[in-house]
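In what follows, a single structure is set out as structure tokens and then discussed.
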Amino acid sequence: MEERVLLAIHGWSSPVLDAVFLFSHQLGTGPFGLVLVLTMVALWWRQGDRLEARLWGALGLSTYFLQLGLKHFIARPRPSLWEGPVQLHSFAMPSGHALAAATLYPLLARAVARRWPHFARPAYFAAVIIAFYIGFGRLY
């Protein structure tokens, strides 16, 4: 079933969608996540909210090490049905991109909601959309 789903998704591939989902790939990379986490730690620390800064640091580190540990525990090879624009050489599951999206973007929405409460709903909605976007991009 997995192969059929992936091939069906790949059947829709195009240069435009390649670009769209290459961007989703970038939003879930380790370096992007690291910059986001360090930026938020520095911002919260500078504002004097040490607890929030520590939360960002702890979630950033735990997300990274959780996916790394689970990848080696599960040791599931990546499907290789076609050559894509991004070649990854780690195990497939869990997706570090999807795990980071499910952790960091809702936390970013929480930060927006704390700072600008009237933007709470759009921020949380955007976080869910971004998480799905990155997750679907892993399949694409």
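The values are calculated or read from the model by the stated rules, or taken from the named source; none is laboratory data. Because the structure is a prediction, the values reported are computed rather than measured. We place every Cβ from the backbone using ideal geometry, glycine too, and count neighbours over all the protein chains shown. Just the protein is used for accessible areas: all its heavy atoms, side chains included, with ligands, DNA and RNA removed. Shrake-Rupley method; radii C 1.70, N 1.55, O 1.52, S 1.80 Å.
Observations on the structure shown:
- Per residue, in Å², the accessible surface of the chain once ligands and nucleic acids are set aside, probe 1.4 Å: 66
- In the chain, helices alone account for a calculated mean residue ellipticity at 222 nm of -25000 deg cm²/dmol, with every DSSP H run of four or more residues adding -39,500 (n - 2.57).
- Chymotrypsin sites (Phe, Trp or Tyr not before Pro) restricted to region 1-75 and DSSP loop, no more than 15 other C-beta within 10 Å: Trp12
- The mean of 1/r over all pairs of different alpha-carbon atoms in the chain, once inverted, gives a Kirkwood hydrodynamic radius of 16.3 Å.
- Portion, in percent, of the accessible area of the chain that falls on carbon or sulfur, probe 1.4 Å: 71
- Maximal additional length on extending the Glu3-Thr39 stretch stands at 9.1 nm, based on 0.36 nm per residue less the C-alpha distance.
- In region 1-56, inverting the average of 1/r over every pair of distinct C-alpha atoms gives 14.0 Å as the Kirkwood radius.
- Derived scalar couplings ³J(HN,Hα) [region 56-72; Karplus, 6.51 cos²θ - 1.76 cosθ + 1.60; whole Hz; x for Gly, Pro]: 4, x, 5, 5, x, 5, 5, 4, 4, 6, 5, 5, 5, x, 5, 4, 6
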